[in-house]
Every structure is written in C-alpha cells, then in structure tokens.
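Note sheet for the following structure.
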Amino acid sequence: LQKFLILLHVTMSVVVGKTLMILFPDAMRRYILKQGEKSRMNENPKFSYENWGPTFFSFKYLLFVLKVKWKRLEDEAYEGHPAPNTPVVTFNGEVRHLFDFMQDNRPLILNFGSCT
C-alpha cells in the first residue's frame, strides 16, 4: 500500500510539473533555478540549467525518485524495534548486509565519520 501511495504521489507530481514546464517554461525555469540555489547546485560552474533543468519531471526522473523513495521505506528505524538489515558496501565493492557483521552476542558498533 505504501509503495502504491508513493507511486501515485510521485506520478501526480511529475505530471503536474511537466504540464507546468510546458505551459509556463520561464516561471518553471526560475523555480528550478531557485531549487538549485537551495541545494547549492548552481555553485558548480560546470552545471548550467540546460544540463540539468530539462531532466526535471522526465520519465527517468520519475523512475529515479520512485527508486529512492521505495528504498527509503526499507531503511526506516523505529525506537524499540529491531534495526533494519541495511545493505552496505565493503571497501572491495562487495554488497553485504549489516547483520552479516554481527558475531555471537557481541554488540555491533557502527562508527560514522568523514575523511576530508
């Protein structure tokens, strides 16, 4: 049911967005550029609106958003419930699952950091 509702919501958003791009191309260009400012996409000199703007509300866009939203359904963790067995990628590029790293009754500790 959740996947169906997401499909319905994303499809309607894409249809409305595509329709507005056809009817009001200049206004939609300004809107998309404003969204690009929020994500700081506009700060990259190699990106211009012509490179990424028209991809909004395309069929590929629809499929990508659906894939991301459906994948996030699996990744939700709730307090007091078991942790999700999230897929992870090893340094060798091998896809494993989080629980693959558990050993006996020992706690599994995840350490998130950044390397800059």
With the stretch 1-75 reduced to its Cα atoms and the Debye formula applied, log10 I(q)/I(0) at q = 0.25 1/Å amounts to -1.15
Options W70, V10, T86, ranked by Cα towards positive dipole end of the chain, top entry (Cβ charges): V10
Quick one: accessible surface of S48, probe radius 1.4 Å, all protein chains present, in square angstrom to the nearest 10. 50 Å²
Quick one: helix 25-38 against the long Cα principal axis of the chain, what's the angle to the nearest 10°, folded into 0 to 90? 30 degrees
Show me, for the stretch 49-59, the HN-Hα J-couplings you get by feeding each phi into the Karplus relation (A = 6.51, B = -1.76, C = 1.60, θ = phi - 60°), rounded to Hz, glycine and proline as x. 4, 4, 6, 10, x, x, 6, 4, 6, 8, 5
Taking the Cα centre of the chain as origin and charging only Cβ (+1 Lys, Arg; -1 Asp, Glu), how large is the dipole, in debye to the nearest 20? 500 debye
Which lysines have a Cα less than 24 Å from the Cα of K34, not counting those fewer than 8 places away in the same chain? K18, K46, K60, K69
Sorted by chain and number, the residues with a modelled amide H under 5 Å from that of V88, at a separation of 5 or more or across chains, are R96, H97, L98
Connecting every pair of Cα atoms under 10 Å apart in the chain and solving the GNM, the largest mean-square fluctuation among T90, T55, T19 falls on T90
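The values are calculated or read from the model by the stated rules, or taken from the named source; none is laboratory data. These numbers come from a predicted model, not from an experiment. Here the Cβ is made from the backbone with ideal geometry for all residues, glycine too, and neighbour counts use every protein chain on show. Calculation scope for accessible area: heavy atoms of the full protein, side chains included, ligands and nucleic acids excluded. Shrake-Rupley method; radii C 1.70, N 1.55, O 1.52, S 1.80 Å.
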